[in-house]
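Participant: One structure coming up, written as structure tokens, with questions to follow.
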Amino acid sequence: SFSPHAIRSLLVWFHENGGDAWIEVKAARISKGAVVLSVISKQRLRVGTIVFQGNSSTPTNLLLQQIDIKEDSEYDQEVAKISAQKVSLFYGKQGYLASDVKYSFDPKSRELKFQIYEGSPTLISEVTVSPITTIEKKDIRERYERELLDVFALRAGDRIQRDHVVDGIQAVKEWLRDHDFVTARDPALNNT
């Protein structure tokens, strides 16, 4: 007779003697009174090192903060794929809108490699303020427009970084409130 307890005993033995292995056990009856027991055991793959290549504008420690997989953790292809997407998203927020990130894992060396193609950064071509038509005096209007440019703090030639753009828009909103433009619409960016 063959019982589930026999399979359990076998799994316990593999667990105690196989270390960090993945084990699959299948039992199939092939004829009356005969059972075939198939045991597949594979060593789990662990990440030994994580390498970033092509990251000339971003230090490795910042990229490590973006990914969900760590050294000495179990290699999971789906987590590695999501991590590559997160690195790509991070580059997009840093103004590298044409970036591309690929990953590969070498089971022998246990090296997880992220190959980064940064591309050229996306730069601001021009920063202007729409004329403040509610102010009739030309000198005051021009001064306010210059102040808004200074408050926004981004200039032509700067790399478009999402955090800096959001901070600039917030600073413009505060400047407008401080100067009693309470009915002003939220600042908007033109992507031309």
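The values are calculated or read from the model by the stated rules, or taken from the named source; none is laboratory data. Keep in mind that this is a model prediction, so the values were computed, not measured. Cβ coordinates were reconstructed from backbone atoms using ideal geometry, including for glycine residues, and neighbour counts include every protein chain displayed. Keep in mind that these areas ignore ligands, DNA and RNA; they rest on the heavy atoms of the full protein, side chains included. Shrake-Rupley method; radii C 1.70, N 1.55, O 1.52, S 1.80 Å.
Participant: For the stretch 82-93, give me each residue that is more than 16 Å from GLN53 (Cα to Cα) and out of contact with any Ser or Thr (no Cβ under 7 Å at 6 or more places or on another chain). Talk me through it step by step, then tell me what you get.
Facilitator: Taking the stretch 82-93 as the starting set, the residues that turn out to be more than 16 Å from GLN53 (Cα to Cα) are 82, 89, 92-93.
Within the stretch 82-93, ILE82, LEU89, LYS93 qualify.
Participant: I'm trying to understand the selection: among the residues of the stretch 104-137, which are free of Cβ contacts under 8 Å to residues at least 12 places away in the same chain and either farther than 30 Å from HIS164 by Cα or of a type in the set (A, V, I, L, M, F, W, C) (or both)?
Facilitator: SER104, ASP106, LYS108, ILE135, GLU136, LYS137
Participant: Oh, and also: Taking the stretch 130-151, which residues are modelled with pLDDT of 85 or more and not acidic (Asp, Glu)?
Facilitator: LYS137, LYS138, ILE140, ARG141, ARG143, TYR144, ARG146, LEU148, LEU149, VAL151
Participant: A follow-up question, please. How many residues does the stretch 105-152 hold that are open to solvent by 60 Å² or more (accessible area, probe 1.4 Å) and at positive phi?
Facilitator: 1
Participant: Something else now. For HIS15, all conditions in the list (1) at pLDDT below 70; (2) part of a strand (DSSP E or B) hold save one; what is the number of the exception?
Facilitator: Status for HIS15: all satisfied but (2).
Participant: Can you find a residue that is open to solvent by 70 Å² or more (accessible area, probe 1.4 Å) and within 30 Å of GLN65 (Cα to Cα) anywhere in the stretch 168-185?
Facilitator: Here is the first cut: in the stretch 168-185, the ones open to solvent by 70 Å² or more (accessible area, probe 1.4 Å) are 170, 174, 177-178, 180, 182-183, 185.
Pick out the ones that are also within 30 Å of GLN65 (Cα to Cα) and you get 170.
Yes, the conditions are met somewhere in the stretch 168-185.
Participant: Ok, one more. Among the residues of the stretch 152-163, is any modelled with pLDDT of 90 or more and not in a loop (DSSP other than H, G, I, E, B)?
Facilitator: There is at least one residue in the stretch 152-163 that is modelled with pLDDT of 90 or more and not in a loop (DSSP other than H, G, I, E, B).
Participant: Of the conditions (1) within 21 Å of THR122 (Cα to Cα); (2) surrounded by fewer than 15 Cβ atoms within 10 Å (Cβ to Cβ), ILE160 fails just one. Which one is it?
Facilitator: (2)
Participant: Take the stretch 47-94 and flag every residue that is open to solvent by less than 60 Å² (accessible area, probe 1.4 Å) and closer than 15 Å to GLY119 by Cα.
Facilitator: If the condition is that a residue be open to solvent by less than 60 Å² (accessible area, probe 1.4 Å) and closer than 15 Å to GLY119 by Cα, then GLY54, ASN55, SER57, THR58, VAL87, SER88, PHE90, TYR91, GLY92, GLN94 are the ones that fit.
Participant: Going through GLU174, GLU126 one at a time, which residue ends up being acidic (Asp, Glu) and in a loop (DSSP other than H, G, I, E, B)? Walk me through how you get there before you give the answer.
Facilitator: Working: GLU174 fails: in a loop (DSSP other than H, G, I, E, B).
Just one listed residue meets the conditions, GLU126.
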